[in-house]
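The values are calculated or read from the model by the stated rules, or taken from the named source; none is laboratory data. Note that the coordinates shown come from a computational prediction; the quantities given were computed from them, not determined experimentally. All Cβ positions, glycine included, derive from the backbone under ideal geometry; neighbour counts span all protein chains shown. Ligands, DNA and RNA are stripped out before the accessible areas are found, and what is left, the full protein with its side chains, is counted by its heavy atoms. Shrake-Rupley method; radii C 1.70, N 1.55, O 1.52, S 1.80 Å.
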Amino acid sequence: MRRSVVDAVREGQWDFEPAELPSRLYDSTVALPGSNEKIAVMAARAERGLPLWHEEDRLDYEKLLE
């Protein structure tokens, strides 16, 4: 299992950044930014030691309309 930001904070390492990981290795989300669903996805990523952001995550309402 990858070391997560949650583990780093517990250990007092406040400047931790997860290792780079190709976005093809974890899923993007269409959840609206700021929504409970998006926050849950980001929390799950943090707990698994994944980057918080995915290049194909939904950025705004307009992306759904494309």
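Among the residues of region 1-10, how many are surrounded by 10 or more Cβ atoms within 10 Å (Cβ to Cβ) and either more than 13 Å from the chain's Cα centre (by Cα) or of a type in the set (Asp, Glu) (or both)? Before you say what the answer is, go through the steps one by one.
At the first step, the residues of region 1-10 found to be surrounded by 10 or more Cβ atoms within 10 Å (Cβ to Cβ) are 2-9.
The next check asks that each one be either more than 13 Å from the chain's Cα centre (by Cα) or of a type in the set (Asp, Glu) (or both); those that pass are 2-3, 7-9.
Total meeting the criteria: 5.
Does residue 41 qualify as being in contact with a Lys or Arg (Cβ under 6 Å, 6 or more places away or on another chain) and of a type in the set (A, V, I, L, M)? Walk me through it before giving the result.
Values: in contact with a Lys or Arg (Cβ under 6 Å, 6 or more places away or on another chain): no; of a type in the set (A, V, I, L, M): yes.
Spelling it out, it is not the case that residue 41 is in contact with a Lys or Arg (Cβ under 6 Å, 6 or more places away or on another chain) and of a type in the set (A, V, I, L, M).
Identify all residues within region 12-22 that are touching a Lys or Arg at 6+ places or on another chain (Cβ under 9 Å) and surrounded by 10 or more Cβ atoms within 10 Å (Cβ to Cβ); write none if there are none.
Keep residues of region 12-22 that are touching a Lys or Arg at 6+ places or on another chain (Cβ under 9 Å), which gives 16, 18-19, 21.
16, 18, 21, listed by residue number.
Go through region 23-51 residue by residue and tally those that are open to solvent by 60 Å² or more (accessible area, probe 1.4 Å), without any contact (Cβ under 8 Å) to a residue 40 or more places away in the chain and part of a loop (DSSP other than H, G, I, E, B).
5
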